[in-house]
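Structure first, commentary second.
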Amino acid sequence: MDRYMVVIPHTEEDCLRVLKQIEAIGTITHFDWGCKDGDHTGWAIIEADSASEAMLVVPTIQRAKAQTIKLTRFNPEEIRSMHV
């Protein structure tokens, strides 16, 4: 399984609606939110087989604005092999 960062940007005006939608589908505890600091974005790291599967933590109505980013960790050997 791969790891994906799911990003849900939204406006201040849409904030409460987005939070309620995320809560309704049961994924509210998966996310960290920047809303109280003025950055109306939610972030979650999800294990999934694909980006589309990771997107399932986002309510359907928010998916057009959401983004998934496949995450990769590098080890020292990989970095050294890149600079040969």
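Coordinate-derived values only; no laboratory data. Everything numeric in this text was worked out from a predicted model, so none of it was measured. Cβ sites come from the backbone with ideal geometry, for glycine too, and all protein chains shown count toward neighbours.
Brief remarks follow.
- Considering helices alone, the calculated mean residue ellipticity of the chain at 222 nm is -6000 deg cm²/dmol, with DSSP H runs of length four and up weighted by -39500 (n - 2.57) and normalised per residue.
- The chain, relative contact order [Cα under 8 Å, separation at least 6], %: 43
- Extreme residue, positive dipole direction of the range 8-84, given options LEU56, ILE79, LEU16 (C-beta unit charges): LEU56
- Options (1) 36, 12, 8; (2) 29, 15, 10; (3) 31, 18, 10 - which one matches semi-axes √(5λ) of the Cα gyration tensor in Å as calculated here: (2)
- Highest GNM mean-square fluctuation among ALA24, ALA54, ALA44, for the chain modelled with Cα contacts below 10 Å: ALA24.
- In order along the range 5-20, the phi-based Karplus estimate (6.51 cos²θ - 1.76 cosθ + 1.60, θ = phi - 60°) of 3J(HN,Hα) comes to 8, 9, 10, 10, x, 7, 8, 4, 5, 8, 3, 4, 4, 5, 4, 5 Hz; Gly and Pro are listed as x.
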